[in-house]
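*Asks:* Quick one: this structure, given as structure tokens, is what I'll be asking you about.
Here, each number is a calculation from the coordinates, and none is a lab measurement. Owing to the predicted nature of the structure, the values given are computational and were not obtained by experimental measurement. When we count neighbours, we look across all protein chains shown, and the Cβ atoms used for this are built from the backbone with ideal geometry, even at glycine.
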Amino acid sequence: MKIEGKKVNLNADKKKIFEFLSDFNNYEKLMPDQIINWKSTNDSCSFTIKNMADLTLVFEEKNAYSSIKILPEGKVPFKFSLNVVLEEDSLNEQKTVAGVNVDADINPMLAMMAKRPFENLVNVIAENLNSIFA
């Protein structure tokens, strides 16, 4: 199951946004309200999704100034990745178009329950990025 969040236009260049997103200490500002018990370092974060699960996330891949792939670590109910893609705005190289998506390996029954929370996650991250880099 792949869920694409809405793309946002950010008022900063790709390098600045990539550096911000390369540090998990910045992600607490991006998360939805359902995220509690946040703990982070530069390279990982852990938190609780209210009434659901505890998760730890780590960076799997960072492609300089273009994309970041984040994976859960430890025991999780299903495999998924959170991906951020950064593209230079075609009209202004000092602006960036960012897209957030989730790619989850889950069965169709679980997908029906997980779709809305994942959609909320990717859209809230995109909106909060937009607010930070407005």
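*Asks:* When you count, for each residue, the other Cβ atoms within 10 Å and take the mean per peptide, how do 29-36, 100-107 rank with the highest first?
*Replies:* Packing order, densest peptide first, comes out as 100-107, 29-36.
*Asks:* Between Lys62 and Asp103, take the C-beta separation as r, use R0 = 22 Å, and let me know the FRET efficiency to the nearest 0.05.
*Replies:* For Lys62 and Asp103, the calculated efficiency is 0.85.
*Asks:* Once amide H atoms are placed 1.01 Å from N in the peptide plane, what residues at a sequence separation of 5 or more from Asp89, or on another chain, have their amide H within under 5 Å of its amide H?
*Replies:* When sequence neighbours closer than 5 places are left aside, the close amide H contacts are Lys95, Thr96, Val97.
*Asks:* Contact order normalised by length for region 33-130, with contacts defined as Cα pairs under 8 Å and 6 or more residues apart; what percent is it?
*Replies:* 14
*Asks:* For the charge dipole of the chain, defined by +1 on Lys and Arg C-beta atoms and -1 on Asp and Glu C-beta atoms about the Cα centroid, which residue among Asn42, Phe59, Pro77 has the Cα displaced farthest towards the positive pole?
*Replies:* About the Cα centre, the residue reaching furthest to the positive side is Pro77.
*Asks:* Tell me the net charge near Asn26. Cut-off is 13 Å between Cβ atoms, Asn26 excluded, with +1 for each Lys or Arg and -1 for each Asp or Glu.
*Replies:* Net of charged neighbours comes to -2.
*Asks:* Set the bar at 28 Å for Cα to Cα. Now go through Lys75/Lys95; Lys2/Lys95; Lys29/Lys69; Lys15/Lys115 and name every pair that lies beyond it.
*Replies:* Where the Cα-Cα span goes over 28 Å, the pairs concerned are Lys75/Lys95; Lys15/Lys115.
*Asks:* Moving on. To the nearest 20 debye, what is the magnitude of the charge dipole of the chain about its Cα centre, counting +1 on the Cβ of each Lys and Arg and -1 on the Cβ of each Asp and Glu?
*Replies:* With only Lys, Arg, Asp and Glu charged at Cβ, the dipole is about 280 debye.
*Asks:* Note down the net charge around Phe59, summing +1 for each Lys or Arg and -1 for each Asp or Glu among other residues with Cβ under 12 Å from its Cβ.
*Replies:* Neighbour charge sum, excluding Phe59 itself: -3.
*Asks:* Can I ask one more? Just add up the charged neighbours of Leu110: K/R +1, D/E -1, any other residue whose Cβ is under 14 Å from the Cβ of Leu110.
*Replies:* Neighbourhood net charge equals +2.
*Asks:* Any idea how far the Cα center of region 74-103 sits from the one of region 1-63, in Å?
*Replies:* Answer, in whole Å: 10.
*Asks:* Taking the Cα atoms of the chain alone, what are Rg (to one decimal) and Dmax (as a whole number) in Å?
*Replies:* In order Rg, Dmax, the Cα atoms of the chain give 14.5, 44 Å.
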